[in-house]
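Working notes for the structure below.
The values are calculated or read from the model by the stated rules, or taken from the named source; none is laboratory data. This is a predicted model, so every value here is computed, not measured. Positions of Cβ are generated from backbone atoms using ideal geometry, with glycine treated the same way; all protein chains shown enter the neighbour counts. These accessible areas exclude ligands, DNA and RNA; they are computed on the full protein's heavy atoms, side chains included. Shrake-Rupley method; radii C 1.70, N 1.55, O 1.52, S 1.80 Å.
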Amino acid sequence: MAETAADGGAVELPHLAGLNPEQRQAVVADDGPLLVLAGAGTGKTRVLTCRLAHLLLTGRAHPQEVLAVTFTNKAAREMVERVERLIGRSCEGLWLGTFHSLAARILRRHAELLGLTAQFTILDVDDQLRLCKQVLQAHDLDERRWAPRVLLALIQRWKDRGWLPDQVPLEEVGDFAQGRAVELYAAYQERLRSLNACDFGDLLLHGLTLFTRHPEVLQLYQRRFRALLVDEYQDTNVAQYLWLRLLARAHRNITCVGDDDQSIYSWRGADVGNILRFEQDFPGARVIRLERNYRSTGHILAAASALIAHNRARHPKRLWTEDGLGEPVRVAGLWDDEEEARFVGAEIEGWQRSGGRLADCAVLVRAGYQTRAFEERFIQMGLPYRVIGGPRFYERQEIRDAIAYLRLVHHPDDDLAFERVVNLPRRGIGEACLRAVHAAARRLQASLFRAATELVGTDELPVRSRNALARFLAQLEGWRGAAQEADPRALAERVLEESGYVEMWQRDRSPDAPGRLENLKEFVQAVGEFDSIAAFLEHVSLVMDAAAEPGGDLVSVMTLHGAKGLEFDNVFLCGWEEGVFPNQRAIDDGGARALEEERRLAYVGMTRARRRLTITFACNRRIYNQWASSIPSRFLDELPQDHVQYLQRSPRSRPDFDPLVDDAPFAPRRSPAPRGRTAPPVVEAKGEMVAMRSLGAGGRFKKGDRIFHDKFGYGTVEEVDGNKLDILFDKAGRKKVVEGFVDPA
């Protein structure tokens, strides 16, 4: 589309300049349902912004007639600024914002129809939890058994699905509060109404109620909004989807931009089915695919496209670039997670020596607990880093709690640690009891621990509080006694188990509870690497001190979920082993559907890389101080060999030789493998799978052979299945091990 210049020539409109053919088609498309499938790095934001500007510049809609939805307030602000630059004037009156902000705006105008006033309050999470606690108390339910945060997670999940209390299906009720969760949900809603308040889930849920029970209100907004535009459509939940569909049902003039291959948030309510059934919801819809990528090299895009093609629930698309192939995707098999961290650290140092910036490097992992090994290694190396999307490992809530327990065991006069854990988990030591302990400490000029010890021998406290405090002090004395003999790992396990802290998170059904339990397991492993609790606590103090350095040129460390929307020149995807990635818990809970989301997560990780992508897996990982052989992720088998470089191990006879062969640019000089450690297996491409074997190995053992393993010691082969051995170790028990990991005894 062009304007006519004074001399009669055509002048292209500014917002269309530089668009590729597919982007241009999406921007100038006629009214009606339009789905723009925007692959990673294909200019999604530019297309959405330019289409909005095009609607306004061509007079197809005025600002007040457009409703545009983004997923963050920041994205909304940036879009307004870009549109105003493109059209050269203010777009005041435009309804542009997040689902929640737009739904709240409509709701305030019609609040009376739902028994609220226009001044209703939107509660934050803390207030919601307090309300859940009140509901549980009103129904005579013990909040120590039925946690308020679990009830809140249930309620929010049902609201994301668009269900009022009387609409929750029977199969969704579960066993919370002995099957009374829906009753509690109804009571929670009544309390909100009596307070003239809503939570975030209500904004969409009440919006649905408003539109379905008051069709005149729905028609008002259907007439008002001549055009709807939606960003990140693959991340919508059911309630958002239903809200949008109602608004678009009359005129069907809706543009949705998204990528089903990047739908990775089902755990917080997103439903990939929303984008997959767009053409069913809006028959005759036009679908435009944006496949030209402006971010990554050809090898990276080809590998990512081949991987995601194994998903069935998707719109087919294949990313491509006019830039060169670049470096192949590199896959490295490391001996264990410690060597994995050393390898990544050395690679980043090499990148920096070659002129690269640390800020262009990212380490992406599947779960938060995996960051610890990299954080500790980077601190040892003096390599500046930051954790994006969450706190550093030792700053996490559950880790700080666990550290406080060990601090108190090591030094009972640590008042800050005492205050933090004395009633965590709740054990009947309330605020009144703590005030009495503080008063006694001031009177006696002693620590809280000493004051509490004195108090339990008097009648100053109520019997119930006194008994609870006495039990805690007895536990603490028991742990202090055990600290003289038990190794640090065993002591940490005992403290976390006997205190009830692990059980507290096991009973918690909130979405973040499984991750916290994984972090606690990693914490126990970290403690086990030191000779004493004192040495561990000193190490943590040094780590936390190093963590306090200001920003600058920093390596980014984050989970794959936190990396969406970001991009880096040099990306490391670590921990690609079965059970870790794809995550076994996710697959157990969600089956084939969850496996496809795990694959989408891998695709998102791969497409964060601009120039260099390295994927690593460890042949061994420690879980609760037990070594287990790891199988490479099935996703490695799905990478096309023509676009992958497998980094090979040096011969077993040379364990001190440079461990990886790699002549790609930016290759650093690697640290040699520790002497005395068997060289890890070679990574090879083999038709059906990425097979692991040691050089020269293959069919070397038979039933009854005696073998030696570096970690598990001596054992006897009991069964042979190809290159996998079922071994009964003399001390470590029965384990399955790939034959390349053992030597004849």
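Does GLY562 satisfy the criteria of being farther than 30 Å from PRO148 by Cα and open to solvent by 10 Å² or more (accessible area, probe 1.4 Å)?
No, not satisfied.
Kindly indicate whether LEU210 is under 28 Å from VAL272 (Cα atoms) and not aromatic (Phe, Trp, Tyr).
Numbers: under 28 Å from VAL272 (Cα atoms): yes; not aromatic (Phe, Trp, Tyr): yes.
Yes.
Considering only region 422-440, how many residues are open to solvent by less than 40 Å² (accessible area, probe 1.4 Å), touching a residue at least 24 places away in the same chain (Cβ under 8 Å) and not in a loop (DSSP other than H, G, I, E, B)?
3
Is it true that LEU307 is under 19 Å from VAL580 (Cβ atoms), in a helix (DSSP H, G or I) and at pLDDT 95 or above? Write out each step before concluding.
Numbers: under 19 Å from VAL580 (Cβ atoms): yes; in a helix (DSSP H, G or I): yes; at pLDDT 95 or above: yes.
So LEU307 passes the test.
Would you say GLY457 is farther than 27 Å from GLY528 by Cα and touching a strand residue (DSSP E or B) at 6+ places or on another chain (Cβ under 9 Å)?
Answer is no for this residue.
Can you work out which of the residues in region 693-712 that are assigned to a loop (DSSP other than H, G, I, E, B) and closer than 12 Å to VAL742 by Cβ is modelled with the lowest pLDDT?
Here is the first cut: in region 693-712, the ones assigned to a loop (DSSP other than H, G, I, E, B) are 694-705, 710-712.
Now narrow it down to the ones that are closer than 12 Å to VAL742 by Cβ: 694, 697, 700-701, 705, 710-712.
On the way: SER694: 31, ALA697: 36, ARG700: 77, PHE701: 86, ASP705: 89, ASP710: 64, LYS711: 63, PHE712: 72.
Across region 693-712, the extreme among qualifying residues is SER694.
Within region 111-130, which residues are open to solvent by 50 Å² or more (accessible area, probe 1.4 Å) and of a type in the set (A, V, I, L, M)?
Answer for region 111-130, where residues must be open to solvent by 50 Å² or more (accessible area, probe 1.4 Å) and of a type in the set (A, V, I, L, M): LEU113, ILE122, VAL125.
For a quick check of your reading of the model, give me the residue pairs whose first member lies in region 165-180 and is under 22 Å from ASP202 (Cα atoms), whose second is among the aromatic types (Phe, Trp, Tyr) and outside any helix (DSSP H, G or I), with beta-carbon atoms closer than 8 Å and at least 6 apart or on different chains.
Sorted first by the residue in region 165-180, then by its partner, the pairs are PRO169/TRP163; GLU172/TRP163; PHE176/TRP146.
Taking interchain pairs and intrachain pairs at least six residues apart, which have beta carbon atoms under 9 angstrom, with the first residue in region 714-729 and without any contact (Cβ under 8 Å) to a residue 12 or more places away in the chain and the second surrounded by 18 or more Cβ atoms within 10 Å (Cβ to Cβ) and among the basic types (Lys, Arg)?
ASP726/LYS735
For the subset of region 573-620 comprising residues that are assigned to a strand (DSSP E or B) and touching a Pro at 6+ places or on another chain (Cβ under 7 Å), which member is farthest from ASP260 (Cα to Cα)? So that I can check it myself, show each step before the final result.
Here is the first cut: in region 573-620, the residues assigned to a strand (DSSP E or B) are 573, 577, 579, 583, 609-620.
Those left that are additionally touching a Pro at 6+ places or on another chain (Cβ under 7 Å): 577, 617, 619.
Details: GLU577: 24, PHE617: 27, CYS619: 32 Å.
Within region 573-620, the match that is farthest from ASP260 (Cα to Cα) is CYS619.
Hey, could you check region 55-75 for residues that are more than 11 Å from LEU229 (Cβ to Cβ) and assigned to a helix (DSSP H, G or I) and say which is least open to solvent (accessible area, probe 1.4 Å)?
For region 55-75, the residue satisfying everything is LEU56.
One line per residue, one yes/no per condition, for (1) surrounded by fewer than 19 Cβ atoms within 10 Å (Cβ to Cβ); (2) in contact (Cβ under 8 Å) with a residue 60 or more places away in the chain:
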{"residue": "ARG191", "(1), (2)": "yes, yes"}
{"residue": "PHE211", "(1), (2)": "no, no"}
{"residue": "ILE254", "(1), (2)": "no, yes"}
{"residue": "THR297", "(1), (2)": "no, yes"}
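What number of residues in region 621-636 are farther than 27 Å from VAL502 by Cα and either part of a helix (DSSP H, G or I) or open to solvent by 10 Å² or more (accessible area, probe 1.4 Å) (or both)?
5
Taking GLU454 and the conditions (1) surrounded by 15 or more Cβ atoms within 10 Å (Cβ to Cβ); (2) touching a residue at least 60 places away in the same chain (Cβ under 8 Å); (3) charged (D, E, K, R), which numbered condition does it fall short on, given that it satisfies the others?
Of the numbered conditions (1) surrounded by 15 or more Cβ atoms within 10 Å (Cβ to Cβ); (2) touching a residue at least 60 places away in the same chain (Cβ under 8 Å); (3) charged (D, E, K, R), the odd one out for GLU454 is (2).
Looking for something of a type outside the set (A, V, I, L, M, F, W, C) and without any contact (Cβ under 8 Å) to a residue 24 or more places away in the chain - is there at least one such residue anywhere in region 468-476?
As a first pass, look at region 468-476 and keep what is of a type outside the set (A, V, I, L, M, F, W, C): 471, 475.
Okay, now just the ones that are also without any contact (Cβ under 8 Å) to a residue 24 or more places away in the chain, so none.
No - not one qualifying residue is present in region 468-476.
Identify all residues within region 142-167 that are within 25 Å of THR121 (Cβ to Cβ), open to solvent by less than 60 Å² (accessible area, probe 1.4 Å) and not in a helix (DSSP H, G or I); write none if there are none.
GLU143, ALA147, GLY162, TRP163, LEU164
Quick one: count up the residues across region 486-510 that are closer than 20 Å to ARG145 by Cβ and open to solvent by 40 Å² or more (accessible area, probe 1.4 Å).
Final tally of qualifying residues: 7.
Tell me the residue from TRP335, TRP320, TRP351 that is over 23 Å from PRO582 (Cα atoms), crowded, with 18+ Cβ neighbours inside 10 Å and of a type outside the set (Asp, Glu), please.
From the options TRP335, TRP320, TRP351, the qualifying one is TRP351.
Can you tell me how many residues within region 562-577 are over 20 Å from PHE343 (Cβ atoms) and not hydrophobic (A, V, I, L, M, F, W, C)?
4
Mind listing whichever residues of region 76-110 are closer than 21 Å to TYR241 by Cβ, among the small types (Gly, Ala, Ser) and either without any contact (Cβ under 8 Å) to a residue 24 or more places away in the chain or open to solvent by less than 30 Å² (accessible area, probe 1.4 Å) (or both)?
Scanning region 76-110 gives ALA76, GLY97, ALA103, ALA104.
From the list ARG180, ARG226, exactly one residue is more than 16 Å from LEU116 (Cα to Cα), open to solvent by 20 Å² or more (accessible area, probe 1.4 Å) and touching a strand residue (DSSP E or B) at 6+ places or on another chain (Cβ under 8 Å). Which is it?
ARG226
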